[in-house]
1. In segment 1-42, how many residues are of a type in the set (A, V, I, L, M, F, W, C) and exposed (fewer than 12 other Cβ atoms within 10 Å of the Cβ)?
2. Quick one: in segment 89-123, which of the residues that are surrounded by 14 or more Cβ atoms within 10 Å (Cβ to Cβ) and assigned to a loop (DSSP other than H, G, I, E, B) is modelled with the lowest pLDDT?
3. Can you run down the residue pairs with Cβ atoms below 8 Å, 6 or more apart or on separate chains, where the first is in segment 41-53 and under 16 Å from Glu5 (Cα atoms) and the partner is open to solvent by 100 Å² or more (accessible area, probe 1.4 Å) and assigned to a helix (DSSP H, G or I)?
4. How about segment 43-71: which of its residues are open to solvent by 50 Å² or more (accessible area, probe 1.4 Å), farther than 30 Å from Ser15 by Cβ and either in contact with a strand residue (DSSP E or B) (Cβ under 8 Å, 6 or more places away or on another chain) or of a type in the set (A, V, I, L, M) (or both)?
Amino acid sequence: MTYDEIIEQLEITKSKIKEIARNEYGGESWNDDLDALTEAADIVADYSKATAQASEMSQKYEQPAMAVRRAAGLYTCPLCGKRTQVGHTHCHWCGKKLSWDREAYADRDYPHMSTKGGRRRGL
């Protein structure tokens, strides 16, 4: 059963208990059961929302995205757009998990092998 189906079933049960409570079977004794069903439906709804939010946050922050190259040696986070250092696993500003291409590492670790030209470091 899905969370929505469970909530729907709890609501159906709640309406049946209300019907029983209105009849001759004793009204006040069913109030605790109605309260418990209401709480159970709220708990399931809250849990459903929390799992959806956790899934969204996992997708947003733990699924890696390629860092965006803006200029030679300058990369930014794909989520927040702030500058980030080559090789960092996460953005220090927003926490997004980053992935890198080989070219970024070549520029950082082996500038003399870069195909982009420019000034060579260490000479």
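The values are calculated or read from the model by the stated rules, or taken from the named source; none is laboratory data. Since we're looking at a predicted model, the values are computed, not measured. Because the Cβ atoms are built from the backbone with ideal geometry, glycine has one as well, and the counts that use them run over all protein chains shown. To get the accessible areas, we keep the full protein, side chains included, count just its heavy atoms, and leave off ligands, DNA and RNA. Shrake-Rupley method; radii C 1.70, N 1.55, O 1.52, S 1.80 Å.
1. 2
2. Among residues in segment 89-123 that are surrounded by 14 or more Cβ atoms within 10 Å (Cβ to Cβ) and assigned to a loop (DSSP other than H, G, I, E, B), the one modelled with the lowest pLDDT is Ser114.
3. Going by the 8 Å Cβ cut-off, the qualifying pairs are Ser48/Asp4.
4. Correct list: Ala54, Met57, Tyr61, Glu62, Gln63, Pro64, Met66, Arg69, Arg70.
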